[in-house]
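Read through the structure below, which is laid out as structure tokens, and then see the notes.
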Amino acid sequence: MQLESSADFERFVLDRSTALLRTAVLLVGDVGHAADGSAFRYRASVDGRTIVDLSRSAAGNVFTDHRARTFRDEPGESPDDEVWTPEKIQQAIRDGRITVAGPGEPIRGAQTVRLTIAGHKAEPTTQMWVDASSYLPMRWLWEQDGATAFDVTWLPPTPENLAQLKTSIPDGFTEQS
């Protein structure tokens, strides 16, 4: 997939954020989602250097493009993402929207269950590994060319952790209209 513009990248990020949970602050490398789904942040880096940084919440939406040294700061809106809670995951299994693929490999010492979410339309099939006792997701894999599985870490929704969901505009960046 080739992303031609920052708007294409933003759409890609927002489309991929639909499978994140509301039950805690989730940080996946440079992805974060508030416990209640009210805020989202995605920061993409190459070789340790930030390329783009996007945050969305009712307080404001900020998108920074570090390559162009530009930013957009817009009125806020809460992310409209479907967030997979353990309850929603278990209901989707009962409804047949998610299938249990079998036991997964241990992740950070926890037993896991591997689940499959069938792709629809242009969306790829997704593999999700959940903690066998809590059903909190621990690993995700979108089945598409070049995809790599990524692990998630759950942090308590403290003010410090929630503050990580807000994009800062670096000095010297120019506002896009």
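A few remarks follow.
- Residues being part of a loop (DSSP other than H, G, I, E, B), in contact with a strand residue (DSSP E or B) (Cβ under 8 Å, 6 or more places away or on another chain) and over 16 Å from I89 (Cβ atoms) - total across segment 102-118: 1
- T158 vs. criteria open to solvent by less than 80 Å² (accessible area, probe 1.4 Å), in contact with a helix residue (DSSP H, G or I) (Cβ under 7 Å, 6 or more places away or on another chain), under 23 Å from R43 (Cβ atoms) and β-branched (V, I, T): no
- Residue count for segment 89-101 satisfying the condition of being in a helix (DSSP H, G or I) and either surrounded by 12 or more Cβ atoms within 10 Å (Cβ to Cβ) or β-branched (V, I, T) (or both): 5.
- Test: residue in segment 66-81 that is assigned to a strand (DSSP E or B), touching a residue at least 12 places away in the same chain (Cβ under 8 Å) and either open to solvent by 60 Å² or more (accessible area, probe 1.4 Å) or aliphatic (A, V, I, L, M) (or both): yes
- Residues of segment 28-42 classified as of a type outside the set (F, W, Y), within 13 Å of K166 (Cα to Cα) and either at pLDDT 80 or above or part of a strand (DSSP E or B) (or both), total: 5
- Residues that are modelled with pLDDT under 80 and either loosely packed, with under 15 Cβ neighbours inside 10 Å or among the hydroxyl-bearing types (S, T, Y) (or both) within segment 43-57 comprise S45, V46, D47, G48, R49, listed in sequence order.
- Residues in segment 120-149 that are modelled with pLDDT under 80 and open to solvent by less than 60 Å² (accessible area, probe 1.4 Å): A147 only.
- Qualifying residue in segment 170-177 (condition: of a type outside the set (D, E, K, R), under 24 Å from G119 (Cα atoms) and in contact (Cβ under 8 Å) with a residue 40 or more places away in the chain): no
- Residue list for segment 141-160, filter: outside any strand (DSSP E or B) and in contact with a Ser or Thr (Cβ under 6 Å, 6 or more places away or on another chain): E143
- For segment 161-177, the set of residues classified as assigned to a loop (DSSP other than H, G, I, E, B), open to solvent by less than 50 Å² (accessible area, probe 1.4 Å) and modelled with pLDDT under 85 consists of L165 only.
The values are calculated or read from the model by the stated rules, or taken from the named source; none is laboratory data. Keep in mind it's a predicted model, so treat the numbers as computed, not measured. Please note: Cβ atoms are built from the backbone with ideal geometry, for glycine as well, and neighbour counts cover all protein chains shown. The protein model used for the area step is the full one, side chains on, heavy atoms only, and it has no ligands, DNA or RNA in it. Shrake-Rupley method; radii C 1.70, N 1.55, O 1.52, S 1.80 Å.
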